[in-house]
Amino acid sequence: MNLANSLLIKFRGNFITKSFLLHSNFSTNRSMVDKITNLNDALNLFDEMSHTRPLPSIVQFTQLLHLVTKMKHFSSSLHLFNQMCSLGVPVDKYSISIAIKCCCQLYRTKDGFALLGCCFRRAIPPNVYIFSALLDGLVLEDRILEAEILFKKLIKQNLCEPSVVTYNTMIKGLCKFGYNVTAVALLRLMEQKNCQPKMVSDKGILPNVITYNSLICGLCKFGRWDEASKMLKQMEDDNISPNVKTFTALVDAFCKEGKVKEAEAVINIMIERGKVPNIVTYNSLIDGYCLRGEMIKAREIFDSITLRGLVPDVVTYSSLLNGYCKNLNIEKAEEMFHEMTVKGLKPDVVTYSTMIQGFFQVGRCVAARRLVDEMHAQGQIPDQCTYGIVLDGLCNNHLVEDALSLFYLVGNSKLNSDIAVYNILIDGAGKNGKVEVARILFQGLIDKGLQPDVRTYNVMISGFCREGQLGEAKLLFLKMEESGCPPNDVTYRVLLQGYLKNRHYDDVEMLLQEMDDRGYSLDASTLSLFIDHIAAGLLDRSMLKLFGKLVPKELLNDPSLCDWE
DNA sequence: TTAGGGTTAG
């Protein structure tokens, strides 16, 4: 051990040593562990234990490890595990399970699997806890296919008897990717297993409230209301009552669709059933009102939180702040930003990113940049999302050169391996009259092995159209299908607008026909462009019937569009 | 083993 480390240990050990020596000794380690409520105390105790001779038992070390993990200090816990190893404490299946769990929660599932290898080498049979942790790690890292493979392997090779946690983890992962059908199938498998007369394990694997919450949440997220409500019913048939999280998932789903009245109805139902909405529930509701631009109402909800005995948290403030930013009330947003710090809440990376975007949106680029610096100074590290916001903000303020400089400065890192970054820059370049730069970026991402998505194609096509390069636009449009990325409704609208604006009518009828075949409709801006062209007699009136089919019902009665005949 | 906030096309 080096001098610095030993000094650190002395320094940290100071206070806690006295109190522990007074009250207990290591043979009653359990009660000591129980008294620990924060990371510092835990670390101090560990130091102390590691200096005791003979060394406390593995059980005592593991209890401490478990505690630190429960406090979600995964990286500290892992560090302690390593120290235990170097102290020569013989690690057992419990301590190694905890270490694997920590790796997985830290998005280091790879290391988790390395430790699994250790298990095999030390003849420690991995248990269901270890496999569930690994499965969760894969899910966290969005490696759903590998998770599925592992899960199947567990069952087929009888590596362990999956527990309800294993099933729930897998269901959660499937729902995360919208694989609802498979997720429900897994629920059925659980039920079916439960009906088998002979269970291998002593406890049956019954779906619990977490199982249903994952499923309901997953179904809601993809707008599958009917199935979600059936699931809710089944849950109650199984005598599992929805809890606050279940209801909040419903509230959140409604709010994300702007259906705030429905969301409030759910809140009323949950209150009737004796469940108390918490801060997460109200945060969702605030989001819902912000999305609709109903800021007065959003503010009302915000104010009501305190009256209900709840405390607004960082998310509450960030949500309302975001609402103000999106509705271009930057002064109010700044007010919230200030107020939260006064209340002792620390703006986090999301709060900063939101505020930065708000500044860019009102053209206050200097303020935005200053906030990026402040964010750094406060120890909040800008992430992928912040990066996107900054690039987009620069482009939208005609600072595309700055955005590109930043992009090239960042170079070949993970940040620049995101298709969204390219989409932002290609769009920004195109909108700032640099379609050649856009083209180079497009080629660059392909050379890098990245896959263009439908937005990439759309912004590139839009860039070509803007410059009147309709041939290029059409080529790219045709390439979409063969590249396995079929055009969507936006693609058609972009291309149609390009054709109309450039008075190039050859393909218009064909595009309209394809849109009709695919069940797409025209949006208000494409529609009004069409109306102008028809009114000016530039379009063949034979197209009118087809055109009429593409007008969405909700626009039919729009007074600004009805005098075109 | 479950829930909440910030990024890209029209």
**Item:** Search result, residues across the stretch A:264-292 that are in contact with a Ser or Thr (Cβ under 6 Å, 6 or more places away or on another chain) and under 11 Å from A:Phe254 (Cα atoms)
**Value:** A:Asp287
**Count of the stretch A:247-275 residues which are farther than 29 Å from A:Gly293 by Cβ and either part of a helix (DSSP H, G or I) or among the small types (Gly, Ala, Ser) (or both)** = 2
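With respect to A:Met510, determine if the residue is more than 22 Å from A:Ile424 (Cβ to Cβ), assigned to a helix (DSSP H, G or I) and within 13 Å of DNA strand B (Cβ to nearest atom). Let's see the steps before the verdict.
Details: more than 22 Å from A:Ile424 (Cβ to Cβ): yes; assigned to a helix (DSSP H, G or I): yes; within 13 Å of DNA strand B (Cβ to nearest atom): no.
In short, no.
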**Any chance A:Pro207 is modelled with pLDDT of 90 or more, in a loop (DSSP other than H, G, I, E, B) and crowded, with 17+ Cβ neighbours inside 10 Å** = yes
**Fill in**
Exactly one of A:Ala367, A:Ala333 is among the aliphatic types (A, V, I, L, M) and touching a Leu at 6+ places or on another chain (Cβ under 8 Å), and that one is A:Ala333
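For (1) farther than 21 Å from A:Arg518 by Cα; (2) more than 8 Å from DNA strand B (Cβ to nearest atom); (3) in the same structural domain as A:Thr526 (by TED's automatic domain parsing), each residue gets a yes or a no:
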| position | (1), (2), (3) |
| --- | --- |
| A:Leu450 | yes, yes, no |
| A:Asn458 | no, no, no |
| A:Ile461 | no, yes, no |
| A:Phe477 | no, yes, no |
**Request:** Return yes when A:Tyr129 is in contact with a Leu (Cβ under 7 Å, 6 or more places away or on another chain) and not β-branched (Val, Ile, Thr) and no when it is not.
**Result:** no
**Asked** Tell me, which helices (runs of 4 or more DSSP H) wholly within the stretch A:276-389 include 1 or more residues that are over 22 Å from the mean Cα position of the chain (by Cα) and among the acidic types (Asp, Glu)?
**Response** A:295-307, A:330-342, A:365-377
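For residues that are at pLDDT below 85 and of a type outside the set (Asp, Glu), tally how many sit in the stretch A:20-65. Steps first, answer last, please.
The first filter runs over the stretch A:20-65 and keeps only residues at pLDDT below 85, leaving A:20-37.
Keeping just the survivors that are of a type outside the set (Asp, Glu) gives A:20-33, A:35-37.
Final tally of qualifying residues: 17.
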**Fill in**
Note on A:Glu436: of the conditions (1) closer than 25 Å to A:Leu391 by Cβ; (2) without any contact (Cβ under 8 Å) to a residue 12 or more places away in the chain; (3) within 16 Å of DNA strand B (Cβ to nearest atom), unmet is (3)
**Item:** Subset of the stretch A:140-165 (residues that are surrounded by fewer than 22 Cβ atoms within 10 Å (Cβ to Cβ), aliphatic (A, V, I, L, M) and not in a loop (DSSP other than H, G, I, E, B))
**Value:** A:Leu140, A:Ile144, A:Leu145, A:Ile149, A:Leu150, A:Leu154, A:Ile155, A:Val164, A:Val165
**Asked** Within the stretch A:176-192, is even one residue assigned to a helix (DSSP H, G or I), within 12 Å of DNA strand B (Cβ to nearest atom), within 19 Å of the chain's Cα centre (by Cα) and over 24 Å from A:Ile301 (Cβ atoms)?
**Response** yes
**Asked** Considering only residues of the stretch A:397-417 that are outside any helix (DSSP H, G or I) and modelled with pLDDT under 95, which is nearest to DNA strand B (Cβ to nearest atom)?
**Response** A:Ser413
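Could you pull out the residue among A:Val366, A:Val350, A:Val372 that is closer than 21 Å to A:Met295 by Cβ and modelled with pLDDT of 95 or more? Let's see the steps before the verdict.
Values: A:Val366 fails: closer than 21 Å to A:Met295 by Cβ; A:Val372 fails: closer than 21 Å to A:Met295 by Cβ.
Criteria check complete, one pass: A:Val350.
The values are calculated or read from the model by the stated rules, or taken from the named source; none is laboratory data. Computed from a predicted model, the values in this text were never measured in an experiment. Cβ sites come from the backbone with ideal geometry, for glycine too, and all protein chains shown count toward neighbours.
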